[in-house]
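Data first, discussion second: the structure below is written as structure tokens.
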Amino acid sequence: MSKLYPLLMSPFFSPRPWGAQDLSPIYPGRRFEEKIGEAWLTGDDCKVANGPLRGSSLAELGARYGRELTGDTANDPSRFPLLVKFLFPHDKLSVQVHPDDEAAQRVGQPHGKTECWYVAHAKPGAQIALGLKPGVSKAQFEEAIRQERAGELLNWINVFPGEMIYVAGGTVHTLGPGSVLVETQQQSDTTYRLYDYGRPRELHLAQGLAAVKEKVGSGKVVRPAPKEISGSKNRRAPLIASSYFIVDMFELREPQGFHTTAESGRSSVQILVAVEGCGVVEAPGVEPVTLAKGDAVVVPASLGEFQVRPQWAVELLKSSLPGVPMPEPMTRI
């Protein structure tokens, strides 16, 4: 069995009718003939791009290594716990909902899909829809779907670079054009499409409406301002902390040490995603790996300690599991 080490992931580019052909805000010079909506970085089928485990999928590695990869905080040690991806909306997405854990388990799924979006880029006027307008009931929303005016009852809000959006399971939501988002979510792809602006795609009204919650804790996360890390020129900005994921932003100008132990004292896999610049991920006894803009590196929980050495400067998101139940993040609309 090969020893684990920091794993550079190959992005999987997923075509979507609402996607973009030019992904240059994140992947300079990358243009596609088809519309790309998502770049999956840590899906079950995403594959390693470096070292002896090159070509292995995260599903295969989870089954082979278990908690050596995922850590003590994962509910299912054999399955990679978090799905991280870039979203490139160039048109409105369908109006959709993901079930929370309770709704998912009612239909035989192991867990639901709560997620968060970090706004990496946003043009002026870029919007998302998050939840129903105040006072709108599920019955009124269902009637609006049948009358093909569901978009009118959604709570549309402007988004700006650097914001973090919390999307609890059960929240009706969609994206408008003009932004690039980094999505971190429970490892589930259960999506119920409720309304699609007349596009000829299947809707899932019965399942979706059963999963919709009229009151949710979703919104823009209220968080402290970035702070310098003591004794360095580096800065850390806590973006979100919940029972499902913790995501922090780091702006590094000199080497920064990290560890795979959560505040709970339990170990967790770490996911690093570069949104600007470039750095090198290093751990004792293994080959270093370069982390450039648009890349993701998975740091196995068993490595314990590692560091990121910026090449001039790098901005990265670090995602992990908390290992203990936590309250929903404080949000605002």
Where GluC sites (Glu not before Pro) fall in DSSP loop in the stretch 148-207, at most 16 other Cβ within 10 Å: E148, E202
Could you line up V95, V299 from fewest to most neighbouring Cβ atoms inside 10 Å? V95, V299
Tell me, what ³J(HN,Hα) does each residue in the stretch 144-155 have, in order and in whole Hz, if you take phi through Karplus 6.51 cos²θ - 1.76 cosθ + 1.60 with θ = phi - 60° and put x for Gly and Pro? 5, 4, 5, 8, 6, 9, 4, x, 5, 9, 8, 8
Distance (nanometres) between label positions extended 7 Å along Cα→Cβ at I333 and V222: 1.6
Given a Förster radius of 41 Å and the C-beta distance between R64 and S24 as r, what FRET efficiency does 1/(1 + (r/R0)^6) yield to the nearest 0.05? 0.65
Is the shape of the stretch 7-216 best called rounded, prolate or oblate, per the rule: a/c under 1.5 gives rounded, else a/b larger than b/c gives prolate, else oblate, with a ≥ b ≥ c the square roots of the Cα gyration tensor eigenvalues? oblate
What distance in nm separates the two pseudo spin-label positions at H121 and E287, each 7 Å out from Cα along the beta-carbon direction? 3.1
Straight-line reach from K47: which aspartates and glutamates have Cα under 17 Å away, leaving out those fewer than 8 places along the same chain? E38, E60, D295
Take the alpha-carbon centre of the stretch 1-33, take the same for the stretch 87-162, and report the distance between them in whole Å. 24
Estimated FRET transfer efficiency when R0 is 35 angstrom, pair F160-S232 (beta carbons, to 0.05): 0.80
Cut-off 20 Å, label 7 Å out along Cα→Cβ of E102, residues of the stretch 161-193 by amide N: 167-173, 186, 190-192
Computed for the chain: size of charge dipole around the Cα centre, +1 on C-beta of each Lys and Arg, -1 on C-beta of each Asp and Glu, debye to nearest 20, value 380
Where trypsin sites (Lys or Arg not before Pro) fall in DSSP loop in the stretch 200-308, at most 16 other Cβ within 10 Å: R201, K215, K233, R253
From the cross-link list K35/K233; K3/K293; K113/K318, the entries with a Cα-Cα span beyond 29 Å are K35/K233
Could you run the Karplus curve 6.51 cos²θ - 1.76 cosθ + 1.60 with θ = phi - 60° over the stretch 25-35 and give me ³J(HN,Hα) per residue in whole Hz, x for Gly and Pro? x, 10, 10, x, x, 8, 10, 10, 6, 9, 7
Among the lysines, which fall within straight-line cross-link reach of K138, defined as a Cα-Cα distance under 19 Å, with same-chain neighbours fewer than 8 residues apart omitted? K213, K215
With a Förster distance of 35 angstrom and the Cβ-Cβ distance between E202 and D76, calculated FRET efficiency to the nearest 0.05 equals 0.75
Percentage relative contact order, the stretch 227-332, counting C-alpha pairs under 8 Å, at least six apart: 36
Tabulate in residue order the Karplus-calculated ³J(HN,Hα) for the stretch 207-218, using 6.51 cos²θ - 1.76 cosθ + 1.60 with θ = phi - 60°, rounded to whole Hz; enter x for Gly and Pro. 5, x, 5, 5, 8, 5, 10, 6, 10, 9, x, 6
Relative contact order of the chain, pairs being alpha-carbon contacts under 8 Å that are 6 or more residues apart, as %: 20
List the residues, sorted by chain then number, that are 5 or more residues from Y195 or on another chain and whose placed amide H is less than 5 Å from its amide H. V95
With a point put 7 Å past each Cα toward its Cβ, work out how far K35 is from R54 in nm, to one decimal. 3.6
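Read-outs throughout are calculated quantities, based only on the coordinates presented, and are distinct from any laboratory measurement. Values in this document were obtained by computation on a predicted structure and should not be read as measured data. Cβ atoms come from the backbone with ideal geometry, glycine included; neighbour counts cover every protein chain shown.
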